[in-house]
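So the structure is just underneath, and the comments pick up after that.
Every read-out reported here was derived from the displayed coordinates using simple, explicitly stated rules and does not represent laboratory data. All figures in this text were calculated on a predicted structure; none of them were measured in a lab. Quick reminder, even Gly has a Cβ in these numbers, built from the backbone with ideal geometry, and neighbours come from all protein chains shown.
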């Protein structure tokens with residue numbers, strides 16, 4: 001049933017930037033840490049595949065919402081730490097406000113829809 005995957009992906013892709021920026025608004029993080037924090041802090045609703053995280057990060061970097069810096073870890077290994085910029089903070093404020101407005105409106109509309117409790121989404125992105 002690929003349409004189920006499509007629904008989940010469409011909803012999650014729209015939220016991933018907001019969630020990443022929200023995490024980065026608290027502290028700078030590297031990719032793997034962002035991935036694990038997304039899963040932990042959303043009760044495993046957002047389980048991001050390794051490669052799926054970097055597309056949104058690169059796009060946000062190109063738009064000036066975040067920046068990155070390399071830090072040496074160990075003798076020869078580097079990590080890219082991502083940092084939210086002022087434009088990213090403004091984007092996050094606006095996007096979070098818009099999300100809540102849209103969520104509240106959509107929730108009012110779909111409140112009466114019966115949802116089978118047995119069918120829990122897997123959370124993978």
Suppose we filter the range 89-100 for residues that are out of contact with any helix residue (DSSP H, G or I) (no Cβ under 7 Å at 6 or more places or on another chain) and within 23 Å of residue 32 (Cα to Cα); how many remain? 1
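Tell me, please, whether a residue that is farther than 21 Å from residue 100 by Cβ and touching a residue at least 40 places away in the same chain (Cβ under 8 Å) can be found in the range 12-28.
yes
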Would you tally the residues in the range 33-61 being touching a residue at least 12 places away in the same chain (Cβ under 8 Å) and at positive phi? 1
Single residue of the range 1-52 satisfying the filter (surrounded by fewer than 14 Cβ atoms within 10 Å (Cβ to Cβ) and within 16 Å of residue 66 (Cα to Cα)) that is nearest to the chain's Cα centre (by Cα): 25
So, in the range 62-88, exactly how many residues are in contact with a helix residue (DSSP H, G or I) (Cβ under 8 Å, 6 or more places away or on another chain), under 12 Å from residue 24 (Cβ atoms) and in contact (Cβ under 8 Å) with a residue 24 or more places away in the chain? 6
